[in-house]
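Inspection log for the structure reproduced underneath, given as structure tokens.
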Amino acid sequence: MPIPIERHNISIFKMKKLLLATLIFVFSACGLSTQEELILSKAVGDYVDAINQNQVLIKLGLTHPRVVKYYTDQGKDTVQKYFDLENYSINNYVKSKMWTSDNTLCIGYSYTYNEQNHVFYAIQSKTQQNWLFIDERDAFMFPELF
């Protein structure tokens, strides 16, 4: 016949382990310093503003160079169609995922447009300070960026 006190002690031990594991996960998930978060926040705001205000040159400058090169290689009309986003807007975006791979930090932001869910990604190489962006529709063409 088991003693209830021992069973209770095991439960407390398991709860302490679970609490410790949860705390470790929470603190390790916060991978950016306050300064880095501010820089990221400004870059994301600039990117979203460029799209919402159809500032083509700013969006071009904030988009990952591999994506820009891909579209410029397709010709002027393709570049213009891709970067000219009149009547398109990003509102109420939220950070949805964050991961690192090799020398790259990636953060996904989710939002809804025309009742469909979309994602854009902020990408930073660990050797560079600036954030570059890639839209979900291009992510499958450049998996090596992630």
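Points worth noting:
- Take every pair of alpha-carbon atoms less than 8 Å apart whose residues are at least six positions apart; their mean separation over the length of the stretch 77-146 yields a relative contact order of 23 percent.
- Derived scalar couplings between HN and Hα for the stretch 116-122 equal 10, 7, 9, 9, 10, 10, 9 Hz in order, rounded to whole Hz, by the Karplus curve 6.51 cos²θ - 1.76 cosθ + 1.60 (θ = phi - 60°), x for Gly and Pro.
Since every read-out is calculated from the coordinates, none of them should be taken as a lab result. Predicted model, so just to flag it, every value in this text is computed and none were measured.
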